[in-house]
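Just so you know, all these numbers are worked out from the coordinates, no wet-lab data involved. None of these values were measured; they are calculated from a predicted model. As a convention, Cβ positions derive from the backbone with ideal geometry for all residues, glycine included, and neighbour counts pool all protein chains shown.
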Amino acid sequence: MPAGRTRILINVPQDALYYAALGCIEVGLGEAPTVGVYQGGKKTALVDRRGPVRRKKEAGPRRLVR
């Protein structure tokens, strides 16, 4: 920073928090119309309903190297 300079050098637009959402919209516009369409409850029924904490307890301790 130059000597004697006290101004902020980075300007962030006021609506910058929406930039990620705008990027998602741009990506979505380029995808096929069938992507992300709800396929019914049968697909979601395959999800393990026990929950992640219980599954970890049931799996027991794991190591990175066996």
Pair K56, C24: separation of 7 Å Cα→Cβ label points (nm): 2.5
Starting from the Cα of E31, step 7 Å along the direction of its Cβ; do the same at Q14; then give the gap between the two resulting points in nm. 3.2
